[in-house]
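Have a look at the structure below, then the notes.
Rule-based calculations on the coordinates, nothing more; no lab input. Please read these numbers as outputs of a predicted model, since none were measured by experiment. Glycine gets a Cβ as well: all are built from the backbone with ideal geometry, and neighbour counts include every protein chain shown.
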Amino acid sequence: NIFRSGTRVQEYICRWGGEEFLVVLPETRLEGAMIVAERLRERIASEKIVFGKEELLVTASFGVGEFDPEKTIGENIDIVDRFMYEAKKSGKNCVRKG
């Protein structure tokens, strides 16, 4: 719901792995994508998630890139995936771009 409410109708959200999501922002430049990712990161971190009697803190790390038509879709995704892992390694709950 956070992803849906934080993106526009023409944007795509899909699960990419067990706990990874891919958000495609057509016609959005890198800086605009950074704004979207940061807004989503903040909303996820501020969401109160109650599980039983416990309140859980959930954070997200984002990798952001701009589509390079010289590369395959898989190569583009691999590049963004590396940025996401950089975000995780640098303390989590942040956004890294390339």
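Tabulated data
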item: Beta bridges per DSSP with both ends in the chain, % antiparallel, nearest 5; result: 70
item: 20 Å tail of the calculated P(r), the range 9-98, as % of Cα pairs; result: 36
item: Net length gained if the chain between Asn1 and Glu19 were fully extended (0.36 nm per residue, minus Cα distance); result: 5.0 nm
item: Under DSSP loop assignment and at most 15 Cβ neighbours within 10 Å, longest GluC sites (Glu not before Pro)-free interval of the chain; result: 71-98
item: Spatially close lysines, pair count over the chain: Cα under 29 Å, gap of eight or more or interchain; result: 12
item: Relative contact order (%) - criterion: Cα under 8 Å, at least six apart; region: the chain; result: 23
